[in-house]
Structures are given as structure tokens and as C-alpha cells.
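Asks: Just dropping this structure here.
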2 protein chains.
Amino acid sequence: MTTTIGVFDSGFGGLTVLRALIERLPHANFAFLGDTARLPYGSKSRRTIARYAAESAQFLVREQGAEFLVIACNTASALALDAIQGAVSVPVLGVIEPGAAAARAATCTGDALVIATDATVQSHAYAAACHAEGLRSIEKACPLLVPLVEEGWISHPITAEVIRIYLAELTAEAAVAGLNPDVLVLGCTHYPLLRPLLEAAVPAGVRVIDSAQAAAEAAFHRINGHVAPQATDVPASPTSIRCFATDSVEKFERLGSRFLGHPVGQVQLVDLGG
Amino acid sequence: MTTTIGVFDSGFGGLTVLRALIERLPHANFAFLGDTARLPYGSKSRRTIARYAAESAQFLVREQGAEFLVIACNTASALALDAIQGAVSVPVLGVIEPGAAAARAATCTGDALVIATDATVQSHAYAAACHAEGLRSIEKACPLLVPLVEEGWISHPITAEVIRIYLAELTAEAAVAGLNPDVLVLGCTHYPLLRPLLEAAVPAGVRVIDSAQAAAEAAFHRINGHVAPQATDVPASPTSIRCFATDSVEKFERLGSRFLGHPVGQVQLVDLGG
């Protein structure tokens, strides 16, 4: 039987995580929910985020039959992973621990740079996850990068210059703190679209770690531990992808294909309440 | 008796409108409410925005004693002015009609450029208001300007370059449409902070029209028609300003002073539900 993987985000940035999952698990079925009516999660309290995320997770498990959940949202991963795990009975994976684990696997110096949104940085979830992996880290909020991606300026000279400014500030801070970082963790699901500009801008010797890819890799290993591998004589189903949003279906459909790498198709509107 | 003016915004950008109101009506009392828990209004349905805006207006009138309301939010002005007028019994003024009226007063050619957020442009509320004033107009969404202001880059070379790109696109579109604009309407409450850069970037002969100032001017005339002028032998009270937010008090206090032009003081948290 084909595994159904539920993927949840507060918006549609998590489609970069879905894209990485499809590449790593090409025979799974996917149900993606963007809770667009209630974004941004970043400005809301932990209790409110936990309630929203739990409701979204229950929709994916109970109504879409998800057997495994990926929380493709840094804010929800940082603030609501426990609440989601308590709300559903299937395995739940966030994006933050896999990102930190991938940084540990890649670093030689043990020092990491992290860029993310304001809300994720304020939660210090990456710093905590890096610390748990034995790494030192320094985080920087880069609030202009999401709007630049959503404006479509993913290879624009303005975006290159904004990235140059942010990374110069971050590496200067790291130097002051006595760190010698050789990895840069992308702590926001929008940032993989900026990977070429980021790779061009990082100091020599610094590797870019994509939390979306790291989460897909972790999901692959967790699923192959939790779900019986498909019998080789049963042909795998082609990947089925269903996308749901709680509002803003138009923007989702318009921008989503850029994140997913191919058309998202028709996005179904669902009402999860308040 | 001193008039109490209620000022409402979905966030805190409307503090630029409050600033203009204080300059024009220095002896009034002000109660400002930013419905920060439920922003952004721009991605929500008209019915939801109307309910949120009506609840916010009722808080200002019933609990803060506002005798006059200014809707310092372009989205709410575009989509919920009727709902607010139906929810309270005091006069209600939006920012869009005053902006269009100020454009009509300033233009010689009868053609206007309008820049605003995506949501305001999609509502075409400025185009309708300009049309009602007998003007032709062309609108452009400038989604990077709000994040640039909130990043504090209000006189940064990056911001100047983004403005140059947006205005070049807008004036090219206007030329294609056969318009000869000589006014640029700022259709977002964040944009007055960019006025110096915008004035440096507009083509020669184009005047910048600030909807915040236009709304303050309109409020002055409406209030002097609705409220008896103060007796000259009673000394006017100094302006009292109370600020309320439904969430994110920290960001409000941190960024608010930049918009208001002086410290916002302590912001009180209020719960309007849902």
C-alpha cells in the first residue's frame, strides 16, 4: 500500500519541503495543507499557534488519511511540535531538528550560521537544536527575504545585494562571538528558492544546509522504519498530490508552482474555523 | 470639552495617520487601536474584515469614548467602511476618499498614479475613488515597501533602488495607457516614512499626495462641522494619546515611535476575541 504523507505549513512556503519529499519519496501520496487564513503564525502566541497547528494536523490525519506528518513550517516546528504530537497518533517530523542534524553532519568547525524569519529567530529553536547537536550557532532574522521571494525577485540584483548585506552582518557578528562557522542553515521554507544567490554570497568554505532537504531525508529514514517497504512485485502508484488551503487559494495557485517546481493544480479551500 | 478621536488600523502603520491628526488637531484626545492579532487584513475575505473592523470600531466608541472615528487602514477603508458606519453611531472617515480628493485638488492633468499594497490595489478602491473625483488613475502594488520600512531601511540605497524600479514600471504603464500623471498618491500608511525617497524618485512635475495628511485635513473639517468649537476662555487640554493592540505589543512599541514621530508610550493589550 502506498504511504500517505501529510505536509502542513501556515502558508505555502512549505511547498519547498513537499518538493524535496516528492524527490526523496517519489511513490508516496501527499496531502499538503496551507493554513493561509490564519497566517502569519509568527506574530501569534504559542497557545494560539498550538491550537491552529493541532487542528491542521487533525485534518490531514483524520480527513486525508495521512500516516506520517511533516511540519513544513519553522514557526509551528519551533512552538507546536509537542501539541501536534499530542493531537494525532501518527509520527510527526518538524524541519528544525533535521536542519540542525544536517548542519552537524556537514560541519568541521562545529560552528553554524542560521538565517530565518524574525519569529523563528526570536524562538531560538535553531540555536537550541544546534546546541543539542553539540554545535555553536549564531542566528539572524532576514525579514526582507520572504517578500523578495514572493515578489518573484529570486535572481534579482536587489536580492543579491540584500543577501550580501545580511550575510556580512551575520559573519561579522559570528567573528565578534569568536565563532568560525563553515555551514549556513536555511531556517525558512522560502529560502531554498534563493539557494543559488546564497551559495554565491557565502564566504569561501561555508556550505549551505537546506532544512527542507534535510527534513525530506529524515522523513525517508523515519518512514522506512515505520512503514513496511513496498513488495517489489506490486508496481508503485504514481505520486498523488492534493493541496488544501484555508484561504487565499488564488495566491497559493499563482505562487505555489514556483515553490513546488511544477504546477500545484487545483487547490481546495477548507474551513478549519476561527 | 475635548473631542476624543478614535483611530483604527489592522496594524500600526496607521500611526502615520495619528501623527498627521495630532499635528492638525493638537488639542484632541486620541485612542488608537491596532488589531495586530488579526493582521494582515489583506489576505482575508470582505466578510471577515468587516466583522473585525466593526468590533474594533465598537471598542473605540463604547470603551474609549471616541466621538469620531478615522479608519487609518487602507484595506479596512476599502472593504469595511459601510460595515463600520453601520456598527457605530459616530462619524466615520476612511483614508481613501480624502487621498483621492487631495489628488484632484493638486492635479492639473487629471491623471493620477497610485501606489499601495497588493490587497489595496486588488480592491481597486483608489481607482474607484479617483474615478468618482473625475480623475483617471493607474495603480501599482509595491509589496516590498512595507517590509523595507519595517526593517528600518527608510533612507537605504536598496530602498531607493526598489522605489526607482517600481516607479519606472508604473510610469511606463501610465504612458502605455495614454495617461499624463502629475500626482502620486501614497495609498498605504507605511509609505509616508518613504516620502523623501519617493519625492526624489518621482518624475519632474509629479507631486506626492499623502493619504495620511489628506485624511487628517478631512477630519479637521469634518470635526469642526460636527463638534462645537471650544470656548476660547477654556484652556484646551494637552493631547492625550492612548494606544491599544490586540497582540504583538513589543513590535508595536519598538516600531511605533518611528511611525508616530515620538515614543508611543505603553501600549495596552486588549482582547477582541477570535
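The values are calculated or read from the model by the stated rules, or taken from the named source; none is laboratory data. Not measured: the values here are computed from a predicted model. Note: ideal-geometry Cβ built from the backbone for every residue, glycine included; neighbour counts use all protein chains shown.
Asks: Can you say whether A:Ala219 is surrounded by 20 or more Cβ atoms within 10 Å (Cβ to Cβ), at pLDDT 95 or above and in contact with a strand residue (DSSP E or B) (Cβ under 7 Å, 6 or more places away or on another chain), as far as the supplied structure shows? Before you say what the answer is, go through the steps one by one.
Replies: Values: surrounded by 20 or more Cβ atoms within 10 Å (Cβ to Cβ): yes; at pLDDT 95 or above: yes; in contact with a strand residue (DSSP E or B) (Cβ under 7 Å, 6 or more places away or on another chain): yes.
Yes.
Asks: Tell me, please, whether a residue that is assigned to a helix (DSSP H, G or I) and either closer than 28 Å to A:Thr48 by Cβ or modelled with pLDDT of 95 or more (or both) can be found in region A:232-249.
Replies: From region A:232-249, those assigned to a helix (DSSP H, G or I) are A:249; that's our starting set.
Adding the requirement that they be either closer than 28 Å to A:Thr48 by Cβ or modelled with pLDDT of 95 or more (or both) leaves A:249.
Taking every residue of region A:232-249 in turn, at least one turns out to be assigned to a helix (DSSP H, G or I) and either closer than 28 Å to A:Thr48 by Cβ or modelled with pLDDT of 95 or more (or both).
Asks: Filter region B:43-69 down to the residues that are buried (at least 23 other Cβ atoms within 10 Å of the Cβ) and within 11 Å of chain A (Cβ to nearest Cβ) and list them by number.
Replies: B:Lys44
Asks: Would you check if there is a residue in region A:81-96 being within 19 Å of A:Thr2 (Cβ to Cβ) and out of contact with any helix residue (DSSP H, G or I) (no Cβ under 6 Å at 6 or more places or on another chain)?
Replies: No: zero hits.
Asks: Same structure, new question: Regarding region B:57-73, can at least one residue be identified that is farther than 29 Å from B:Asn224 by Cβ and in contact (Cβ under 8 Å) with a residue 60 or more places away in the chain? Break it down into steps so the answer makes sense when it comes.
Replies: Within region B:57-73, the subset farther than 29 Å from B:Asn224 by Cβ is none.
The answer is no; no qualifying residue exists.
Asks: If a residue counts only when it is touching a residue at least 60 places away in the same chain (Cβ under 8 Å) and facing chain B (nearest Cβ under 9 Å), which helices (runs of 4 or more DSSP H) contained entirely in region A:116-172 have at least 1 such residues? First the steps, then the outcome.
Replies: Working: elements: A:118-123, A:125-132, A:145-150.
In region A:116-172, A:118-123, A:145-150 are the helices (runs of 4 or more DSSP H) which contain 1 or more residues that are touching a residue at least 60 places away in the same chain (Cβ under 8 Å) and facing chain B (nearest Cβ under 9 Å).
Conditions tested, residue by residue: (1) touching a strand residue (DSSP E or B) at 6+ places or on another chain (Cβ under 9 Å); (2) closer than 20 Å to B:Gly187 by Cβ; (3) among the β-branched types (Val, Ile, Thr).
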site	(1), (2), (3)
B:Ala28	yes, no, no
B:Leu33	yes, no, no
B:Ser45	no, no, no
B:Ala54	no, no, no
B:Val61	yes, no, yes
B:Gly65	yes, no, no
B:Phe68	yes, no, no
B:Leu81	yes, yes, no
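Asks: Quick check, is A:Gly256 more than 14 Å from chain B (Cβ to nearest Cβ), modelled with pLDDT of 85 or more, closer than 24 Å to A:Pro98 by Cα and part of a loop (DSSP other than H, G, I, E, B)?
Replies: Working: more than 14 Å from chain B (Cβ to nearest Cβ): yes; modelled with pLDDT of 85 or more: yes; closer than 24 Å to A:Pro98 by Cα: yes; part of a loop (DSSP other than H, G, I, E, B): no.
No: the conditions fail for A:Gly256.
Asks: How about region B:66-82: which of its residues are farther than 19 Å from B:Ala214 by Cβ and modelled with pLDDT of 95 or more? I'd like the intermediate steps shown before the answer.
Replies: Step one: list which residues in region B:66-82 are farther than 19 Å from B:Ala214 by Cβ, which gives B:66-67, B:79-80, B:82.
The answer is B:Ala66, B:Glu67.
Asks: Within the bounds of region B:107-114, is there any residue that is under 22 Å from B:Gly42 (Cα atoms) and in contact with a Gly (Cβ under 7 Å, 6 or more places away or on another chain)? I'd like the intermediate steps shown before the answer.
Replies: So the first thing to find is which residues in region B:107-114 are under 22 Å from B:Gly42 (Cα atoms), and the list is B:113-114.
Keeping just the survivors that are in contact with a Gly (Cβ under 7 Å, 6 or more places away or on another chain) gives B:114.
Yes.
Asks: For A:Ile115, indicate whether it is surrounded by 18 or more Cβ atoms within 10 Å (Cβ to Cβ), at pLDDT 95 or above and under 15 Å from the mean Cα position of the chain (by Cα). Outline the logic, then answer.
Replies: Working: surrounded by 18 or more Cβ atoms within 10 Å (Cβ to Cβ): yes; at pLDDT 95 or above: yes; under 15 Å from the mean Cα position of the chain (by Cα): yes.
Yes; evaluated as a whole, the condition is true for this residue.
Asks: If you don't mind, another one. Suppose the filter is more than 13 Å from chain B (Cβ to nearest Cβ), in a helix (DSSP H, G or I), within 30 Å of A:Leu255 (Cα to Cα) and small (Gly, Ala, Ser); does A:Ala100 pass it? Give the derivation first.
Replies: On the way: more than 13 Å from chain B (Cβ to nearest Cβ): yes; in a helix (DSSP H, G or I): yes; within 30 Å of A:Leu255 (Cα to Cα): yes; small (Gly, Ala, Ser): yes.
Against the criterion (more than 13 Å from chain B (Cβ to nearest Cβ), in a helix (DSSP H, G or I), within 30 Å of A:Leu255 (Cα to Cα) and small (Gly, Ala, Ser)), A:Ala100 qualifies.
Asks: Right, another one. Take B:Leu179 and decide whether it is within 22 Å of the chain's Cα centre (by Cα), over 22 Å from A:Leu148 (Cα atoms), outside any helix (DSSP H, G or I) and at pLDDT 95 or above. Reasoning before the result, please.
Replies: Working: within 22 Å of the chain's Cα centre (by Cα): no; over 22 Å from A:Leu148 (Cα atoms): yes; outside any helix (DSSP H, G or I): yes; at pLDDT 95 or above: yes.
Answer is no for this residue.
Asks: For B:Val176, work out the one condition from (1) over 21 Å from B:Ala125 (Cα atoms); (2) within 14 Å of chain A (Cβ to nearest Cβ) it doesn't fulfil.
Replies: (2)
Asks: Still on this structure, I have one more. Could we say that B:Val227 is modelled with pLDDT under 90 and buried (at least 16 other Cβ atoms within 10 Å of the Cβ) here?
Replies: Numbers: modelled with pLDDT under 90: yes; buried (at least 16 other Cβ atoms within 10 Å of the Cβ): yes.
Yes, satisfied.
Asks: If you don't mind, there's one more thing I want to ask. Can you tell me which residue within region A:27-41, out of those that are within 12 Å of chain B (Cβ to nearest Cβ) and among the small types (Gly, Ala, Ser), is surrounded by the most Cβ atoms within 10 Å (Cβ to Cβ)?
Replies: This residue is A:Gly34.
Asks: So, one more: Inspect all residues belonging to region A:189-201 and state whether any of them is out of contact with any Cys (no Cβ under 6 Å at 6 or more places or on another chain), outside any helix (DSSP H, G or I) and not β-branched (Val, Ile, Thr). Don't jump to the end; show me each part of the working.
Replies: Of the residues in region A:189-201, the ones out of contact with any Cys (no Cβ under 6 Å at 6 or more places or on another chain) are A:189-201.
Checking the rest, the ones that are also outside any helix (DSSP H, G or I) come to A:189-190.
From what is left, the residues that are not β-branched (Val, Ile, Thr) are A:190.
Yes; the residues of region A:189-201 include at least one that is out of contact with any Cys (no Cβ under 6 Å at 6 or more places or on another chain), outside any helix (DSSP H, G or I) and not β-branched (Val, Ile, Thr).
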